[in-house]
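These notes concern the structure reproduced below.
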Amino acid sequence: MRPRTFTKSGPLLAMLLAIAIQGCGGSGGGGSDQLSNPANVAGKPTALGAGVNAQDGEVDIHPLSGPSGSTVAISGRGFADACGVALYLEQAGGDSLADASISDGSFNVQAVLPESLAAGELVIVGDLLESDGQECTQSMGATFEMTFDVTGSMPIITLALAEGRPGTQVDVQGRGFCGDPECSPVTLLIDGQVAATGVAVEDDGTFSAGAFVPAIDAAGAVAVVATQADADDMELRGFGELIVTVRPDEEPTVVQ
């Protein structure tokens with residue numbers, strides 16, 4: 001991970017000589033980024049404000065990697081001067097990811113990454129906030145950064161119908177699957193029963209197929225799952241939901 005910079009505007013700028021964030025952990029794990037001051041040979045923390053120092057300031061992200069659309073947990077400690085934090089993609093003031101309140105110097109927030117992210121390193125920037133006298137909306141001019149490794153697109157499926165009767169066909173479309181010839185075709189399951197097999201995936205990771213609703217005794221919501229093995233024999237899954245109805249005289253609801 002490349003070095004990260006923690007900045008502070010105003011009178012404290014001269015006090016922040018060099019602060020780097022280093023993360024550790026692997027795919028699927030969490031990372032703890034400890035804010036430190038390599039230039040301070042005495043090992044004493046550099047003050048970032050009353051009650052906040054470089055040694056105490058720490059941020060975590062879990063997991064460290066995953067597909068676009070993933071949910072990540074981000075937490076921080078040691079930010080007693082701040083009342084909140086605004087999280088952005090790539091740069092402060094950029095695309096907003098999430099906001100969180102800070103209590104007793106700590107925050108914890110879950111954020112959903114956009115589905116449109118390309119594979120590669122994603123920088124998440126936190127902008128610490130202070131009160132403007134009424135609301136916690138004013139930037140302190142202090143930021144921290146962390147990275148998340150986007151491994152690819154998250155498999156997603158959509159159904160043309162919200163409802164279906166046993167024996168009828170439901171059109172299913174998918175995206176974010178593996179279009180490599182070394183990856184397996186997709187299998188569609190409805191309520192755990194095979195509804196379609198050998199579904200071919202296009203080069204762009206999309207597919208379209210008809211799935212037959214199996215014999216299900218009770219009406220209600222059931223899971224629709226698209227499964228595929230990638231080139232490393234890891235399973236990819238996309239999830240949907242279908243309302244199974246046994247009322248034969250009603251037209252199925254079309255998903256808008």
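The values are calculated or read from the model by the stated rules, or taken from the named source; none is laboratory data. Since we're looking at a predicted model, the values are computed, not measured. Here the Cβ is made from the backbone with ideal geometry for all residues, glycine too, and neighbour counts use every protein chain on show.
Kindly provide the set of residues from segment 154-167 that are surrounded by 21 or more Cβ atoms within 10 Å (Cβ to Cβ) and either outside the structural domain of Ile190 (by TED's automatic domain parsing) or not charged (D, E, K, R) (or both), ordered by number. Step through it out loud before you land on a result.
First, pick out the residues of segment 154-167 that are surrounded by 21 or more Cβ atoms within 10 Å (Cβ to Cβ): 155, 157, 163-164.
Those that are surrounded by 21 or more Cβ atoms within 10 Å (Cβ to Cβ) and either outside the structural domain of Ile190 (by TED's automatic domain parsing) or not charged (D, E, K, R) (or both): Pro155, Ile157, Gly164.
Restricting the search to segment 123-149, which residues are aliphatic (A, V, I, L, M) and surrounded by fewer than 21 Cβ atoms within 10 Å (Cβ to Cβ)? Walk me through how you get there before you give the answer.
Start the filter on segment 123-149 by keeping residues that are aliphatic (A, V, I, L, M), which leaves 123-125, 128-129, 140, 142, 146.
If the condition is that a residue be aliphatic (A, V, I, L, M) and surrounded by fewer than 21 Cβ atoms within 10 Å (Cβ to Cβ), then Val123, Val125 are the ones that fit.
Please go through segment 67-82 and pick out each residue that is buried (at least 20 other Cβ atoms within 10 Å of the Cβ) and over 14 Å from the mean Cα position of the chain (by Cα).
Matches in segment 67-82: Gly76, Gly78, Phe79, Ala82.
Starting from residues that are surrounded by 14 or more Cβ atoms within 10 Å (Cβ to Cβ) and of a type in the set (Asp, Glu), keep the ones in segment 83-115 and report whichever is modelled with the highest pLDDT.
It comes out as Asp99.
Is there a residue in segment 53-60 that is modelled with pLDDT of 50 or more, farther than 30 Å from Gly133 by Cβ and aliphatic (A, V, I, L, M)? Give the derivation first.
Filtering segment 53-60 down to residues modelled with pLDDT of 50 or more leaves 56-60.
From the residues that got through so far, the ones that are farther than 30 Å from Gly133 by Cβ too are 60.
Imposing the further condition that a residue be aliphatic (A, V, I, L, M) reduces the set to none.
Checked against the condition, which is being modelled with pLDDT of 50 or more, farther than 30 Å from Gly133 by Cβ and aliphatic (A, V, I, L, M), segment 53-60 yields no hits at all.
Does Asp104 fit the bill of being on the phi < 0 side of the Ramachandran plot and not basic (Lys, Arg)? It would help to see each step written out before you state the result.
Values: on the phi < 0 side of the Ramachandran plot: no; not basic (Lys, Arg): yes.
So Asp104 fails the test.
Answer yes if at least one residue in segment 149-160 is out of contact with any Pro (no Cβ under 8 Å at 6 or more places or on another chain) and farther than 30 Å from Phe212 by Cβ, and no otherwise.
Yes.
Quickly run through segment 198-223 and pick out the residues that are loosely packed, with under 12 Cβ neighbours inside 10 Å and not small (Gly, Ala, Ser).
Asp203, Asp204, Asp217
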